[in-house]
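Quick notes on the structure that follows.
The values are calculated or read from the model by the stated rules, or taken from the named source; none is laboratory data. Keep in mind that what you see is a predicted model, and the values were worked out from it rather than measured. Note that each Cβ is placed from the backbone with ideal geometry, even for glycine, and that neighbours are counted across all protein chains shown. We work out accessible area using only protein heavy atoms, side chains counted, and drop any ligands, DNA or RNA first. Shrake-Rupley method; radii C 1.70, N 1.55, O 1.52, S 1.80 Å.
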Amino acid sequence: MDGLTVAEADLVVYVHPSKANKARHAVLRQLSSLLFTYDEIFDGVILAYEIDIPGEHAKILSGLIPYFGVKVKANLLIFSPRPDMLLEGKVVKLVKESIHVIVLGFSSAAIMLEDIREEFRYKIKHGAGVFASSSHKRHVIKTGSMIRFLVKSLDEEILHISGSLVPPHTGCIRWLSRHVEDGSHPDRSLKELKKDVERQPQGEVITHSAQGEKFLNQTRTHKSRKRARE
Amino acid sequence: MMGVELASNDLPIFVVEDGYLSDSEAFASVIRVLDGVRTASVLVAQSDRDQYDYLLSIVDPGKRMGPDEEALLATALKALSGAVSKIDIVYHGSLISNIFGLCLWNYGLNARNALLELITSLAAVPDKFLDGCLHMLVNNFLPPRRLRESISQSRWITRKKEVHSELHMALHYIADVVPLAPMKLKSIIEKRMPRCTDPKDMIVLYVECMLGLENDEIGEFLGSTLLAKVVDLLTDLDVNITWEDILQEEHNKGIFEMELEEWEDNMGHDAEVGVKPPMENGVLKGNAFADKLDGLMVIVCEHLKSRAVNGHLLKVFEALSEIFRSAMLKLHKSKFAQFLMFYACSLDPDICGLKFAVLLTDIFVSKNEDPDSRMKAVAYLASYLARAKFISSSMVASILKRLVDWCFEYCQAQDNQGKINPQAHRVFYSGCQAAMYILCFRMRSILDVPHLKHLLFHMPLGSILCHPTLDPLKICLPSIVQEFLRQAKAARLFKTSVPYLYDNSLESEFSKAFGGIERLDMFFPFDPYLLKESDRFMRPNFEFWSMVKTTYSNCNSEDEYEFDDLDAPDFPENAGTYEEHEDLDLDHGDDLEYSLNKMSITPKSAFQHPINTNFHQPSRMPARIRPSVSPNW
């Protein structure tokens, strides 16, 4: 995923004199106040920090309130999405007109119908809406799947992203990882997939269960079709 | 599927052959309309313009709607929520402002659901409508003005519950899709928060809806800020009720009147007493604030109760004690807001009750706190342990032990030189006074339990109270010292004889000095509660002085002469009050309520006399001490 950087920063944190006896606490508090909000200086959102206060000395600012500046070395994890970056997130809501995604658990993104490529069609499966690809049967986006999408534009202040599923290398990550990135042919049979799973013992549990789910889903589909005919 | 019968109208939108319209058709026509005006206004064809205007007239916040129009509105809103991506902030500005202007309270369930669905879909559109949506929802915390007046009627009460829960649901959905929305919501709620000058119904309804959010997951995001805001409002109201307001109530039985059954026979009597004409303006103003505070306390207590029922009390309590520490404790002599803590503690005495006592004790003994905070904390502690019925004797004894141990250590650290300096040792004196005050209320109950009795008898109280240079008995409030000594004597608490002071004054020069100009020596935060409606939350857990079993007697009525001075202050400015107290003295023979007042000592008004550090010069007008809950005013 794009948009995540680790930055080393030399900071000076100004601490109120009333906090002089717990300077470290005050510094951490100050940095914590930056978390999850957009900051122009860093041009992004700080997700995590790790600090080191190298010196015992701090410079006292002259003035009405003698704040003192503590020098801090910090490692900052910064999230700074830009247009045309590829982001990954979890689908939380899927309706006919849009797909709503949450990135990194806090930033929200929405992909409107016109930004979803033609290939995907909205269908109702087992009572829940999904976007299923018409060219690749197994490429399905549903609530709960992780998808990769392109940033179209964003509101930096609240990190509300407008995304797009137009480029071909976007969509459900699980499907993409099997069919696009490893360069194999997109339309593989179930047998081949199974072999794949056996070959990768590490991912076994997850993949197996995922396959199981699919099987279940398929059987259910048949049933419901029958019912529909009746 | 919504079917809508159309009145005769010849516009193509929403008109179908058989007069009914399906959702998908409505959706298609809305898209057509929206697309029609999606261009510079000069280029819009007249027919498209008309259709758009027709849509606007359906979604019209100002219109009074019949059932047909409402159904049409619901259909239009549903269709719009399918077409949110087509709505453009520039070309459809008037439509958006109409949508945001709609008031949930005016419509039935169907239209409300359609509206909220549209709002939640709009909020999820990136970078456009989130702010507007949140503003719209927060605006709907309150019903329109004309409904506010009739909100007490039962059908509106059910409507209120429905609308509030629907609003909570909508905000919940928005937070699901836009996780950072609560951040914005927080600032909007803060901005819209009613002020203490706003009407009562407005404050109560808003706060009720706002606290409802705490029950939702969204409350997790908002943290304790909601509660903090409410406490801010409470304290705002609280400081607007001055001690003068309370005193004026003496002449005009109003909001502060305590409705105790046993007092009723005294009511008639009051009328005969020549009372001053009520000071209309001042009293009414005081009443208004007290009334609002009362209503708000009810809401917040109900909220605490419901949180407790759901098993979240501890979380709320943690937040509340943080707020107490940072806001209430800093407040100069708040009168009622602190009872929120009292009520929260009463909901879970074993955990919360203990935690509060420990918090206060920690503040008192902490060297990092400023002296004023420590004195206030110990005043809270004393008043709390004395008044809270739900606190067990063993808990009182253990906290008391900590208090006494601290005082003892303090004494040990003093050299035996120099003369009494109340100001320098004020923290110590407030600690001693607190210990005595607690024992006034609790000595008997502690002595009734053998191992606690043992504990009490082994506390170094004697050596603290008879310390040669600090001599707290001379410094603390004489009324408390007197009562304490009396009980201690009856219980034979001291082995050596302790001088029994026959000083009938209510306060001493010294106590005034250690209390400072703010008179922290006379701060008893949990004196009887004076707000009428919310009183029902406090009363069951509240220990009135009349119920206290003293060590010397089970029957209070014999002892009342001892306390005459408490209630008969020499205070020329308040002749009317004085008269009434005289009257009170006359018929105290069988007065239960008189004994209620004995230990309720609350100072009169702000002490506006100049700083008088030289306490050898008799101060001309001493702070008046009055019983805070006399029903006979």
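Here is how the numbers come out for the structure above:
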| read-out | value |
| --- | --- |
| Loop sites in region B:293-347: trypsin sites (Lys or Arg not before Pro), DSSP, at most 14 other Cβ within 10 Å | B:K330 |
| List B:T361, B:T225, ordered by accessible area with a 1.4 Å probe, largest first | B:T225, B:T361 |
| Those GluC sites (Glu not before Pro) in region A:1-84 that DSSP places in a loop and that have at most 10 other beta carbons within 10 Å | A:E40, A:E56 |
| Expected-Rg normalisation [2.2 N^0.38 Å, Cα atoms] applied to region A:4-79 | 1.13 |
| Student exercise, region A:86-188 dipole from Lys, Arg, Asp, Glu Cβ charges, in Debye to nearest 20 | 680 debye |
| Virtual spin-label span in nm between B:A424 and B:E533, 7 Å along Cα→Cβ | 5.3 nm |
| Accessible surface of region A:86-188 [probe 1.4 Å, protein heavy atoms]: carbon and sulfur percent | 53 percent |
| Rough spin-label spacing in nm, given labels placed 7 Å along Cα→Cβ, for B:S150 and B:D60 | 2.2 nm |
| Given charges at beta-carbon only (K, R positive; D, E negative), |dipole| of region A:8-116 in Debye | 640 debye |
| Lysine-lysine proximity count for region A:86-188, Cα under 15 Å, sequence distance 8 or more or distinct chains | 11 |
| Complex-versus-alone comparison for region B:116-158, residues with a loss of 30 Å² or more in accessible area, probe 1.4 Å | B:A124, B:P126, B:D127 |
| Per residue accessible area of region A:86-188, 1.4 Å probe, in Å² | 43 Å² |
| Calculated FRET efficiency for the pair A:E157/B:T469, C-beta based, R₀ 60 Å, to 0.05 | 0.40 |
| Highest-first arrangement of A:97-105, B:47-55, B:163-171, where packing means the average Cβ count within 10 Å | A:97-105, B:163-171, B:47-55 |
| Label point at B:K401 placed 7 Å out along Cα→Cβ; residues across region B:457-481 whose backbone nitrogen lies under 14 Å | B:457-461 |
| Positions from region B:60-88 whose accessible area shrinks by 40 Å² or more when the full protein complex is built, not the chain alone, probe 1.4 Å | B:S85 |
| Chain-alone versus full-assembly comparison, region A:105-126, residues with accessible loss of at least 40 Å² (1.4 Å probe) | A:F106, A:M112 |
| Cleavage-rule hits, trypsin sites (Lys or Arg not before Pro), region A:111-162, DSSP coil, Cβ neighbours within 10 Å at most 10 | A:K137 |
| Out-of-range pairs (alpha-carbon distance over 28 Å; input B:K78/B:K128; B:K78/B:K160; B:K453/B:K474; B:K305/B:K453; B:K186/B:K389; B:K78/B:K315) | B:K305/B:K453; B:K186/B:K389; B:K78/B:K315 |
| Centre separation in Å (Cα based) which lies between region A:8-75 and region B:82-149 | 41 Å |
| Carbon/sulfur fraction of accessible area - region B:103-175, other protein chains in place, 1.4 Å, % | 50 percent |
| Sum of side-chain charges, B:R387 neighbourhood, beta-carbon under 13 Å (Lys, Arg +1; Asp, Glu -1) | +1 |
| Buried area at the B-A interface (accessible, heavy atoms, 1.4 Å probe, summed, Å²) | 1700 Å² |
| Charge dipole (region A:4-79, unit charges on Cβ, about Cα centre) - positive-most of A:H25, A:I41, A:T5 | A:H25 |
| Rounded to the nearest 20 debye, dipole of region B:375-471 from Cβ charges on Lys, Arg, Asp, Glu | 400 debye |
| Probe 1.4 Å, all protein chains present, accessible-area order of B:L77, B:L109, largest first | B:L109, B:L77 |
| Distance in nm between pseudo-label sites at A:K96 and A:L64 (7 Å out along the Cβ direction from Cα) | 6.1 nm |
| Charge tally in the Cβ shell below 11 Å around B:L205, where Lys, Arg are +1 and Asp, Glu are -1, B:L205 excluded | 0 |
| Region A:4-79 - percent of accessible surface contributed by carbon and sulfur, probe 1.4 Å | 55 percent |
